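The values are calculated or read from the model by the stated rules, or taken from the named source; none is laboratory data. For clarity, every value in this text was computed on a predicted model and none was experimentally measured. Cβ placement follows ideal geometry from the backbone for every residue including glycine, while neighbour counts extend to all protein chains displayed.
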There are 2 protein chains.
Amino acid sequence: MINAYAAMTPAGSLVPFTYDPGPLGSDEVEIQVAYCGICQSDVSMIDNEWGRSSYPLVAGHEVVGSVARVGAAVSTLHAGDQVGLGWHAGYCMQCTQCATGEHNLCLAVQPTIIGRHGGFADRVRAAAASVVPLPADIDLTRAGPLFCGGITVFNPLLQYAVQPTDRVGVIGIGGLGHMALKFLKAWGCDVTAFTSSASKVDDALAMGASHTIDSTDPAALARHANTFDLILSTVDASLDWGAYLGTLKPKGRLHFVGIPTQALELNVIALLRSQKAVSASPVGSPQAIATMLAFASRHAIQPEIELFPVARINDAIERLRSGQARYRVVVDMTASNNAGFSSTSLRQG
Amino acid sequence: MINAYAAMTPAGSLVPFTYDPGPLGSDEVEIQVAYCGICQSDVSMIDNEWGRSSYPLVAGHEVVGSVARVGAAVSTLHAGDQVGLGWHAGYCMQCTQCATGEHNLCLAVQPTIIGRHGGFADRVRAAAASVVPLPADIDLTRAGPLFCGGITVFNPLLQYAVQPTDRVGVIGIGGLGHMALKFLKAWGCDVTAFTSSASKVDDALAMGASHTIDSTDPAALARHANTFDLILSTVDASLDWGAYLGTLKPKGRLHFVGIPTQALELNVIALLRSQKAVSASPVGSPQAIATMLAFASRHAIQPEIELFPVARINDAIERLRSGQARYRVVVDMTASNNAGFSSTSLRQG
């Protein structure tokens, strides 16, 4: 049996929930969960924002832990390995995307918390192909957010071959954006943070930005015409995207990893004159995650987190909902005050 | 003096117009015009659609002819050289774009028919950097449309490193689209023509398409989900772009070389799930034009044209306005019935 925390109704508080996961699949891994980050999409699923939720719903898809046991066909992971699991818990392994290392674009991809149960639990299962070993020196309390928020902002740097000579802007300094600043700083880029929050300016500069711009000030945007090779938008706000296109250099790219609440309204002429592009991408492949972890380890890049014991998991979710978290919320699933769980402690290295 | 045909008022008929071009600039070339294609943007300028026209206005920017004389500093072109001139007649030669071979993206680029006079004339001037020599074996009557319409659809193949293994769709089989089909066929791609005109289906198949799809049939688009690596849109119509995004493979690109009359309305989620992109581009650099000409020569690619003598230049423009031209309109500026001109004949090879 797996001891989890589940929402029983849309937007409901999480309550202890025990379920029988059945026999372990031959290609699966069962992870003893140590820490699990909370992502905005956990909240979206709990609230059934996308109409894809079924209840009881066990969210949690920024999982760090150790392999408890592996299926009969799993040869690359072993009990005791320290691993992480993100938004995807399985791939078809047969489509063109899977066959070319683009598993995150698999058309039959299996999200960790849609149609299966996630990491707000003592254990979670996933296909071995989706479970990525952790570098030995990583801080386990902080590693979880790398597996969804982190890879979401890191993967575009791989996908579009961002150069250290590039000037890159990041819109929104929150859970995703603050990790983007850290990655881009280590990547060698000239980094600008676009934020509407004056209270985040000092943090943004400390985390890797060389410049900050008020994201809501049209005059500031106009002053930065023809400046950026790439802008990563991490926000769900609907900004003046035409003004942002104006800040791109010729051949520049406005790339979305956050989903604005309103459809983009784009004049083609704003793209055409200087051959600009608008694009978007979801998380990353397991290999991209491994590449990110090695880079993060080598550059000592860690998310900024607020850590909650699992007994306070509902407080943790409320903290995320408040928009006040600095900058990512993680739940300690090993905490002794987790009375309902019979967890064993995580093997440390 | 240069003998031209000019619009004297917005949307007015062209009438003979003689002007003094002044001394030839040291970096300039004067071209004896043999043939000049008519492009939709000539009509837009004649009609002052963009608010950038001043009158008398001499349009014409798909020029083929021979070098009449060169400025003192011009060393790469010589009198008698067969050359062409497209949408751009000059570049700043100093910006990053010019310094990296991206002259068509120069922020101070000089269009051939904005603020200067174009190719509906016996002679036209342009900076030597914008004038491209013609291959010896090219058909002069048909070469003009390559210099604007042709390069506009060819350049994306270079810019995005289109592979012969790619499946490419072309929306709109007109002046631009028909050249795209021919280029893509020679490029080795699997080519699909999207057209709303049943009368163009046979032509599209003859010109290089392996498949045609009714561009206005939602069911046909739905049947082709996950099919194309690249779609080039050449139309000014506002189609169901979300449906077209659905026909792209993961990592596919919807690229605009035509400007829809209405702004695009795009849901980021339609881009994000499979890392798709929307982009647009204008014509190409002089080097890209030279590359295109060599490719067109090697593969015997020629635009399909309707040829008008210059005395019927207004009929030629009306023919373009009618939307009935198959597929590009060219004016013969050497025609003997050009009574108002004292043109000399073009050197043939």
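Quick notes
- For B:I113: the one exception among (1) touching a Leu at 6+ places or on another chain (Cβ under 6 Å); (2) buried (at least 21 other Cβ atoms within 10 Å of the Cβ): (1)
- Scope the stretch A:294-337; condition assigned to a loop (DSSP other than H, G, I, E, B), touching a strand residue (DSSP E or B) at 6+ places or on another chain (Cβ under 7 Å) and free of Cβ contacts under 8 Å to residues at least 60 places away in the same chain; matching residues: A:A335, A:N337
- When the criteria are applied in full, B:G25 meets the requirement of being within 21 Å of B:D81 (Cα to Cα), outside any strand (DSSP E or B) and either more than 18 Å from the chain's Cα centre (by Cα) or not assigned by TED's automatic domain parsing to the domain that holds B:G323 (or both).
- Extreme residue, farthest from B:T334 (Cα to Cα), among residues of the stretch B:42-69 that are hydroxyl-bearing (S, T, Y) and out of contact with any Asp or Glu (no Cβ under 9 Å at 6 or more places or on another chain): B:S54
- Scope the stretch B:139-163; condition within 17 Å of the chain's Cα centre (by Cα) and of a type in the set (V, I, T); matching residues: B:T141, B:I151, B:T152, B:V153
- Residue selected from the stretch B:57-77 under the condition in a strand (DSSP E or B) and surrounded by 21 or more Cβ atoms within 10 Å (Cβ to Cβ), by the criterion farthest from the chain's Cα centre (by Cα): B:V70
- Checking each residue in the stretch A:236-261 for being in contact with a Ser or Thr (Cβ under 8 Å, 6 or more places away or on another chain) and either among the hydroxyl-bearing types (S, T, Y) or part of a loop (DSSP other than H, G, I, E, B) (or both) picks out A:D236, A:A237, A:S238, A:L239, A:Y244, A:T247, A:V257, A:G258, A:P260, A:T261.
- B:Q82, sole failed condition from (1) within 30 Å of A:S274 (Cβ to Cβ); (2) more than 16 Å from the chain's Cα centre (by Cα): (1)
- Extreme residue, surrounded by the fewest Cβ atoms within 10 Å (Cβ to Cβ), among residues of the stretch B:262-292 that are touching a helix residue (DSSP H, G or I) at 6+ places or on another chain (Cβ under 9 Å), in a helix (DSSP H, G or I) and not assigned by TED's automatic domain parsing to the domain that holds B:N155: B:Q287
- Within the stretch B:133-154, being in contact with a helix residue (DSSP H, G or I) (Cβ under 8 Å, 6 or more places away or on another chain) and either surrounded by fewer than 24 Cβ atoms within 10 Å (Cβ to Cβ) or at pLDDT below 95 (or both) holds for B:P133, B:L134, B:P135, B:D137, B:I138.
- Criterion violated by B:A4 - all others in (1) touching a His at 6+ places or on another chain (Cβ under 8 Å); (2) closer than 14 Å to B:R69 by Cβ; (3) crowded, with 22+ Cβ neighbours inside 10 Å satisfied: (2)
- Filtered residues of the stretch B:246-261 (kept if crowded, with 22+ Cβ neighbours inside 10 Å and either out of contact with any strand residue (DSSP E or B) (no Cβ under 6 Å at 6 or more places or on another chain) or among the β-branched types (V, I, T) (or both)): B:T247, B:V257
- Some residue of the stretch A:165-183 being surrounded by fewer than 22 Cβ atoms within 10 Å (Cβ to Cβ), out of contact with any Cys (no Cβ under 9 Å at 6 or more places or on another chain), modelled with pLDDT of 95 or more and hydrophobic (A, V, I, L, M, F, W, C): no
- Taken over the stretch A:85-99, residues that are within 13 Å of chain B (Cβ to nearest Cβ) and either within 22 Å of A:G150 (Cα to Cα) or aliphatic (A, V, I, L, M) (or both) amount to 6.
- Qualifying residue in the stretch B:42-52 (condition: assigned to a loop (DSSP other than H, G, I, E, B) and either in contact with a Lys or Arg (Cβ under 6 Å, 6 or more places away or on another chain) or surrounded by 17 or more Cβ atoms within 10 Å (Cβ to Cβ) (or both)): no
- The stretch A:15-30 residues that are among the polar types (S, T, N, Q), paired with ones that are not in a strand (DSSP E or B) (beta carbon under 9 Å, 6 or more apart): A:T18/A:M1; A:T18/A:G340; A:S26/A:G71; A:S26/A:A72; A:S26/A:A73; A:S26/A:V74
- None of A:A300, A:A219 is over 27 Å from A:C148 (Cβ atoms) and surrounded by fewer than 18 Cβ atoms within 10 Å (Cβ to Cβ) except A:A219.
- Meets criteria (in a loop (DSSP other than H, G, I, E, B), closer than 23 Å to A:G149 by Cβ and not assigned by TED's automatic domain parsing to the domain that holds A:Y327) for A:S199: no
- In the stretch B:247-286, the residues that are more than 15 Å from the chain's Cα centre (by Cα), over 25 Å from A:G101 (Cβ atoms) and more than 7 Å from every other protein chain (Cβ to nearest Cβ): B:T261, B:Q262
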